[in-house]
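Each value in this text was obtained by applying a stated rule to the coordinates, not by laboratory testing. Keep in mind it's a predicted model, so treat the numbers as computed, not measured. Neighbour counts run over all protein chains shown; Cβ positions are idealised from the backbone, glycine included.
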Amino acid sequence: MKITVDRSKCRGVRNCASIAPNVFDIDEQFKAVVVDPKGDGDAEITKAAKFCPAVAILLDDEATGKRIFP
Ligand code: SF4
């Protein structure tokens, strides 16, 4: 799964880092970064994206290039 954080939308709410702590971290600018795209399972990553209030996490299927979320 390809994970993209739209940093212009990210508000640093931290839901993503709480739900998938091995994938997402918050940097010194209070924006989310992907530290390890395979750090947590797809279910946690998808949940993190869905719980982002800013809809700043975009998920794509690596193999097909299709958008998974949103
Ligand atoms: S949940 Fe969304 S707004 Fe909050 S830190 Fe993560 S990407 Fe940014």
| Looking at segment 33-40, is at least one residue in contact with a helix residue (DSSP H, G or I) (Cβ under 9 Å, 6 or more places away or on another chain), in a helix (DSSP H, G or I), more than 8 Å from the ligand (Cβ to nearest atom) and not polar (S, T, N, Q)? | no
| task | Could you look through segment 56-70, keep only residues that are among the aliphatic types (A, V, I, L, M) and over 9 Å from the mean Cα position of the chain (by Cα), and pick out the one that is farthest from the ligand (Cβ to nearest atom)? | result | Ala63
| task | Just name the residue that is nearest to Ile68 (Cα to Cα) out of those in segment 5-28 that are polar (S, T, N, Q) and either in contact with a Cys (Cβ under 9 Å, 6 or more places away or on another chain) or not in a loop (DSSP other than H, G, I, E, B) (or both). | result | Asn15
